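**Student:** Structure provided below as structure tokens; questions to follow.
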Amino acid sequence: MDSQTTKTIAIGAVTGALVGAGVAVLVAPQQGQKVREKLAEVSELVKEKGPLINEKGHEIAEKGQEVVGAIKESLHTAQDFKSEAGAAISEVKSEVKDFKQNNQQNKNGNSSNVRSIQS
């Protein structure tokens, strides 16, 4: 997810929360005057806190991007480690196989030498 998408999602979430709060005030079972007072309070709160909420939303989106970057970097490191470990395992297997073959050849050669000496 790119930075712009993350910011858009954060702004949308904040806006949705504010709209939801306004709707909750409107549909709450209260007298008309009380509803207007509550709506005015919420409206004033949105005016006051809206820019701060927007700024915090942007900060959260930026931190989210940092976390995504760190996770991607960790994933690449893990993939590199896996590749290197796989190569090392293959190399060890090959060396063990060569060792076994050389050891078997040495045994066969030694048996022939022992038989020729005994003869």
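**Student:** Consider Ile53 against the criteria (1) more than 25 Å from the chain's Cα centre (by Cα); (2) open to solvent by 70 Å² or more (accessible area, probe 1.4 Å): it satisfies all of them except one. Which criterion is unmet?
**Tutor:** Unmet for Ile53, out of (1) more than 25 Å from the chain's Cα centre (by Cα); (2) open to solvent by 70 Å² or more (accessible area, probe 1.4 Å): (2).
**Student:** Also, quick follow-up: Exactly one of these conditions fails for Lys38: (1) in contact with a helix residue (DSSP H, G or I) (Cβ under 6 Å, 6 or more places away or on another chain); (2) open to solvent by less than 70 Å² (accessible area, probe 1.4 Å). Give me its number.
**Tutor:** Lys38 satisfies all of (1) in contact with a helix residue (DSSP H, G or I) (Cβ under 6 Å, 6 or more places away or on another chain); (2) open to solvent by less than 70 Å² (accessible area, probe 1.4 Å) except (2).
The values are calculated or read from the model by the stated rules, or taken from the named source; none is laboratory data. Owing to the predicted nature of the structure, the values given are computational and were not obtained by experimental measurement. With ideal geometry, Cβ positions are generated from the backbone for all residues, glycine too; neighbour counts draw on all protein chains shown. Only protein heavy atoms, including side chains, enter the accessible area calculation; ligands, DNA and RNA are left aside. Shrake-Rupley method; radii C 1.70, N 1.55, O 1.52, S 1.80 Å.
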